[in-house]
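Below is one structure, written out as structure tokens; comments come after it.
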Amino acid sequence: CFPKVTPSFIAKRNFSISPKKMSQNVYRTNTGCPIFNPTASARIGKGGPVLLQDFHLIDMFQHFDRERIPERVVHAKGSGAHGVFECTKDITKYTKHTMFSEVGKKTPMLARFSTVGGERGTPDSARDPRGFALKFYTEDGIFDMVGNNTPTFFIRDPAKFPVFIHTQKRNPQTDMKDATMFWDYLSQNEESIHQVMILFSDRGGTPYGYRFMNGFSSHTYKFVNEKGDFHYCKWHFVSDQGAKGLSDEQAKSLDGSNPDHARKDLFDAIERGDYPSWTLYVQVMTPEEAEKYRYNIFDLTKVWPHKDVPMQEVGRFTLNQNPKNFFAEIEQAAFSPSHMVPGIEVSADPVLQVRTFSYPDTHRHRLGANFEQIPVNSPKCPVFNYSRDGPMNVTDNQGSMPNYPSSLQPLAKEHHEPNEKHEKWVGQVTYHMDEITDLDFEQPRAFWERVLGKQPGQQDNFVKNVAGHLSGALPEIRERQYKVFSRVHTDLGQRIREATEKVAKEMAENESAPINIAEPHMFQTN
Ligand code: NDP
Ligand code: HEM
């Protein structure tokens, strides 16, 4: 059973600054003026109106009125911590990335884990993929690896992302989660099935906590070495705590009893010095192998089976410091797959290409044009360039340095030259609809037969998990989704149909019954 809220931990983590240190400070306005009584407003007489000249009062309210920034459009509820990455194997033959420049090299980093569909206050135990976002403060600047706890995704054409996300959020009329919208989309877009299979397993959709899940780059990226040669790669962060999931019943119970369970588990573990860690493995493929490979390596709905492309252990990261201020260090963190450094590049995966636009775009909306100046997002190396000014510029704005390539104060030449002989893309502009083939069902089938089939009870749980959700969708949509599951395996389609229709029948029978809550307590008024 999952750990309960322990008052001792709550007490320990409250306001860690020592009382002695605090007592040396007086309360001041944001402009520094000391204030005698911060919780009293200036008024005329004892019961009279307040005065406009009370700057402290007005300033406090203007700030309060602007406290909220937009939450992330997806992945709004998340938690994070600081840590360190250590390289454990020499892979300089693949990459010149400074994180891997020598065995033992350490790079400071930040991690943020999240659910996807819910708002900032929703339960950590929702059935959902989990975000697995990492920011590395390298010598060459910020490098972000923004992945999930699933090695695949629901789409492979980026144009589907906004509509897909709408169906996972709330109904435009009722503002409620809607199983019909959810399955209506998925049953019409069958390339989603691999991710759906992983999502409805206990481990994929309801991880035991953030410490107990693996993380994946999911996309194919490119490693580039000192000579400019490249390899394709996928990244896997395997939890050293072990990957495990909650059953549907446990997750639903936590929804109500401890909606911050994953946040609490991560925070408390770090607070007591039980630092969680993940081992990094990479899968690497040459361009020639990629061309001949059975699967399109830019198709985000596919994995590279381990027996085809072995996992190579290359490093480990450990989270060892909780944020001192959640808003400053976690809420304002801006991760993007476009934050790359020499030695790693994005691949031609179309979903990844669109992500490189979407994240910085939303950061400008969520945090402002100078979001890179927020300390958690700032590179730790010196930055000289020709960008200047803009709203909320809080640095020295590069002082008196020229804001154009000046002959008077030239910058040094960067020695990492882009290699122009990588991929060559030739073709006509096309607008292909996704073509679904039998190949799309091979890996979901392997997951059902070999992965879930190997672990006692996991196939049964999977069927139960789907039935509990799919039963809420309209009958014609349920029918369409049974057909998709049957393409994975006829046995699976049949089992899901039977289990779902049983739950749907029970739900229909109970529909007219009143909500099962004890009579509300009525207060008598005189
Ligand atoms: P393998 O048997 O070599 O690997 C299976 C992988 O699945 C392992 O990484 C395993 O992790 C992981 N796994 C086990 N149970 C679950 C679960 N309930 N939810 C999510 N992942 C789980 O086989 P293949 O490489 O041929 O892959 C077979 C299928 O496994 C794939 O089609 C895919 O669905 C799934 N998978 C594959 C991954 C890959 O990168 N190849 C990664 C993750 C999942 P562990 O070893 O810790 O048990
Ligand atoms: C967050 C867009 C696919 C992982 C976000 C955000 C946007 C976005 C706009 C909010 C960012 C912010 O406010 O800081 C997209 C688009 C996608 C896509 C357009 C596809 C076209 C994916 C995929 C993955 C992923 C495939 C994983 C492999 C994440 C994570 C976050 C996130 C982990 C949270 C980052 C954080 O912790 O701040 N996405 N996304 N997304 N996305 Fe995506």
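So, of the residues in the stretch 307-340 that are β-branched (Val, Ile, Thr) and under 26 Å from residue 92 (Cα atoms), which turns out to be nearest to the chain's Cα centre (by Cα)?
318
Just the residues that are surrounded by 20 or more Cβ atoms within 10 Å (Cβ to Cβ) and outside any strand (DSSP E or B), please, taken from the stretch 219-243.
Selection gives 219, 220.
Return the residues of the stretch 276-306 that are away from ligand 2 (no atom under 16 Å from the Cβ), within 30 Å of residue 266 (Cα to Cα) and either more than 26 Å from the chain's Cα centre (by Cα) or not in a loop (DSSP other than H, G, I, E, B) (or both); say none if nothing qualifies.
277, 279, 281
Just to be sure before I move on: is residue 80 over 15 Å from the mean Cα position of the chain (by Cα) and either buried (at least 18 other Cβ atoms within 10 Å of the Cβ) or assigned to a loop (DSSP other than H, G, I, E, B) (or both) in the structure I sent? Break it down into steps so the answer makes sense when it comes.
Values: over 15 Å from the mean Cα position of the chain (by Cα): no; either buried (at least 18 other Cβ atoms within 10 Å of the Cβ) or assigned to a loop (DSSP other than H, G, I, E, B) (or both): yes.
Answer is no for this residue.
Within the stretch 295-315, can one find any residue that is more than 16 Å from ligand 1 (Cβ to nearest atom), among the β-branched types (Val, Ile, Thr), closer than 29 Å to residue 222 by Cα and touching a Pro at 6+ places or on another chain (Cβ under 8 Å)?
no
Cβ-Cβ under 6 Å, sequence separation 6+ or interchain: first residue in the stretch 120-144 and under 17 Å from residue 261 (Cα atoms), partner of a type in the set (A, V, I, L, M). Which pairs?
Pairs that qualify, where the first residue is under 17 Å from residue 261 (Cα atoms) and the partner is of a type in the set (A, V, I, L, M), are 120/76; 124/262; 125/251; 125/254; 128/116; 129/116; 130/213.
Quick check on this structure: which one of 177, 160, 135 is on the phi < 0 side of the Ramachandran plot, of a type in the set (D, E, K, R) and buried (at least 19 other Cβ atoms within 10 Å of the Cβ)?
It is 135.
From the list 417, 442, which residue is in contact (Cβ under 8 Å) with a residue 12 or more places away in the chain, more than 16 Å from ligand 2 (Cβ to nearest atom) and either of a type in the set (Asp, Glu) or farther than 16 Å from residue 493 by Cα (or both)? It would help to see each step written out before you state the result.
On the way: 442 fails: in contact (Cβ under 8 Å) with a residue 12 or more places away in the chain.
One residue alone meets the criteria, 417.
Would you point out which residue out of 272, 203 is more than 30 Å from residue 435 (Cβ to Cβ) and buried (at least 20 other Cβ atoms within 10 Å of the Cβ)?
Only one candidate passes the filter, namely 203.
Looking at (1) more than 16 Å from ligand 2 (Cβ to nearest atom); (2) of a type outside the set (Gly, Ala, Ser); (3) surrounded by fewer than 19 Cβ atoms within 10 Å (Cβ to Cβ); (4) under 30 Å from residue 273 (Cβ atoms), can you tell me which one residue 327 breaks?
(1)
Considering 405, 410, 382, which residue is exposed (fewer than 12 other Cβ atoms within 10 Å of the Cβ), under 29 Å from the mean Cα position of the chain (by Cα) and assigned to a loop (DSSP other than H, G, I, E, B)?
It is 382.
One residue is enough: does the stretch 199-218 have a residue meeting the conditions away from ligand 2 (no atom under 16 Å from the Cβ) and assigned to a strand (DSSP E or B)?
Looking for residues that are away from ligand 2 (no atom under 16 Å from the Cβ) and assigned to a strand (DSSP E or B), one finds none in the stretch 199-218, hence no.
Condition check: surrounded by fewer than 23 Cβ atoms within 10 Å (Cβ to Cβ), without any contact (Cβ under 8 Å) to a residue 12 or more places away in the chain and out of contact with any Lys or Arg (no Cβ under 7 Å at 6 or more places or on another chain). Does residue 168 satisfy that? Write out each step before concluding.
On the way: surrounded by fewer than 23 Cβ atoms within 10 Å (Cβ to Cβ): yes; without any contact (Cβ under 8 Å) to a residue 12 or more places away in the chain: no; out of contact with any Lys or Arg (no Cβ under 7 Å at 6 or more places or on another chain): yes.
Taking the combined requirement at face value, the residue does not satisfy it.
Do we have residue 202 as among the acidic types (Asp, Glu), more than 10 Å from ligand 1 (Cβ to nearest atom) and within 22 Å of the chain's Cα centre (by Cα) here?
no
Could you pull out the residue among 125, 114 that is assigned to a loop (DSSP other than H, G, I, E, B), small (Gly, Ala, Ser) and crowded, with 22+ Cβ neighbours inside 10 Å?
Values: 114 fails: assigned to a loop (DSSP other than H, G, I, E, B).
When all the criteria are applied, what remains is 125.
Which of the following residues is more than 28 Å from residue 297 (Cα to Cα), acidic (Asp, Glu) and out of contact with any strand residue (DSSP E or B) (no Cβ under 7 Å at 6 or more places or on another chain): 157, 175, 140?
175
List, please: which pairs have Cβ atoms under 6 Å, are six or more places apart or on different chains, and start with a residue in the stretch 456-475 that is under 15 Å from residue 245 (Cα atoms) and end with one that is part of a helix (DSSP H, G or I)?
458/452; 459/452; 461/202; 462/452; 465/248
Read-outs: derived from the displayed coordinates by stated rules, not from any lab. Since we're looking at a predicted model, the values are computed, not measured. Every residue, glycine as well, gets a Cβ built from its backbone with ideal geometry; the counts of neighbours run over all protein chains shown.
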